[in-house]
Amino acid sequence: MFKGSNYKPFHVVNATFVGVKLLQFILVWLAPSTFDTSTHLFLERFGITSDPWWSKLLAWDSVFFVKTSEWIRITGNWTPQYEHEWAFSPYWAQIITSSDVQHTVLRAVVLNILLHYVSTWILYFLTKVTFPPFGQKAQTEVALITSVLFILSSAAGFLISIYSEPIAFTLSLFGMLLRQLSVKFDVYGNIQLNHIKWIGYVLSSFCFSMAFLNRSNCLLLGIFYIYDCLNLWKQKMWITSIFYPIFSGAVLFATFVYSYYYVPYGVFCPERGEWCTRKILDLPLTYQSLYSYIQSKHWNVGFLKYWTLNNIPNFLFGLPNILIIWNSVDYFSYQYTLQNMKPYIWIARALLLIIVFFANVQIINRVSSFLPLPLWFIADILHKKYTDTRVVKYYLIWLLIWIPLQTALFACFLPPA
């Protein structure tokens, strides 16, 4: 794949990106009007009585981002109007807020396209610095295949809409790149932090924190700091662990506490009751986070709560990504072991555990977009021309069918969401 001297990464990535986005927008344009009237009723509140083409992008949860954005614009209050709307990043809503609904939608779409494009190149360079130097040509090919696969994301229609996935995975990948440029591993697997580039390591925590503010699953990126800390403790490098992974992890943890416990308490408690009734050590921090309360009450999130007969189709929708992530974990754990991959493996395992046993399983098709591990697995398989890995072959076939199909279904406001 991409053999020969004529291909150039810049041209391949650009052509693929433009081609995929153009195809998706053509499908949105050709899609019939949505079968659900909620978007039309929502737009009528703002004096828009027709259904412009961009209204097809206001499907599923995207309408909540726009609603919060309009609430911010009209009232000047950055917090959402209703409790359940806190599940949809008010921080992203602030970023996309514009002069009216139409401009907000178009601004969000343009930003998401730009973020997806920029993150494609961030992933390209992250791949080159993560894989061992087994030759410039081989490195470039693996990085290029990874970038193309990232463009062909199973998130599909969600990435041309108003969802917060693009800003979350852009910040996640940039944080990974900053951390990777700051660490090295010796032949024994011991971590070596580059003290000259320490600022990059610390800045990675701010990237991860901002990614988390836009997508809650990005909290799993804190596993990088747990892994690095344990590695340094094994080497008895106590001081280094404090100034690097412990400090960086504390930044991410403080963001988690601030956004999920402290801020909601100040907005709703103690008058709200229910999740407000119990505090941590009599501090202005709720015992239960608002986010977990919302997920449990409105989306039935909880251990095995999604394991019902009527959700079998949703498990089938998520099965391809479950299998490819599982195989990527197995591949880099036992078949192609790289020290660099260990924290990525931990993160992938944790995400699989949460999605399969606690969450709405089908969302793995979009929330796993911040994981480079499955893309590296497929890219390495294709680069080495392994012919006995059927899971990669079938996944790629599914992806080529899924992207246009899901985009069209999304534009028609039809499941899967």
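Quick look at the values:
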quantity: Relative contact order (percent, whole number), the chain, Cα cutoff 8 Å, 6+ residue spacing; calculated: 21
quantity: Whole-number accessible area per residue in Å² for the stretch 98-245, which is evaluated in the context of all protein chains at 1.4 Å; calculated: 37
quantity: Reachable lysines, given that their alpha-carbon falls under 24 Å from the alpha-carbon of Lys279 and they are not under 8 places away in the same chain; calculated: Lys297
quantity: Matching label, semi-axes √(5λ) of the Cα gyration tensor in Å computed from the structure shown, candidates (i) 53, 20, 18; (ii) 47, 22, 20; (iii) 34, 29, 20; calculated: (iii)
quantity: Ordering of 333-339, 15-21 by packing [mean C-beta count within 10 Å, highest first]; calculated: 15-21, 333-339
quantity: Extension reserve of the Lys385-Phe315 stretch, reckoned as 0.36 nm per residue once the Cα distance is removed; calculated: 22.2 nm
quantity: Across Lys21/Lys137; Lys234/Lys342; Lys137/Lys197, pairs whose alpha-carbon gap is larger than 20 Å; calculated: Lys21/Lys137; Lys137/Lys197
quantity: Förster radius 41 Å - calculated FRET efficiency between Val18 and Asp282 (Cβ-Cβ, nearest 0.05); calculated: 0.10
quantity: Whole-percent carbon and sulfur share, accessible surface of the chain, 1.4 Å; calculated: 67
quantity: Trypsin sites (Lys or Arg not before Pro) within the stretch 306-401: DSSP coil, no more than 15 neighbouring Cβ in 10 Å; calculated: Lys385
quantity: Highest average packing first - 350-361, 266-277, Cβ atoms within 10 Å; calculated: 350-361, 266-277
quantity: Kyte-Doolittle mean at least 1.6, axial Cα span of 18 Å or more - DSSP H helices of the chain; calculated: 342-357
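The values are calculated or read from the model by the stated rules, or taken from the named source; none is laboratory data. Nothing here was measured: the structure is a model prediction, and the numbers come from that model. Using ideal geometry, Cβ is built from the backbone for each residue, glycine included, and neighbour counts are taken over all protein chains shown. To get the accessible areas, we keep the full protein, side chains included, count just its heavy atoms, and leave off ligands, DNA and RNA. Shrake-Rupley method; radii C 1.70, N 1.55, O 1.52, S 1.80 Å.
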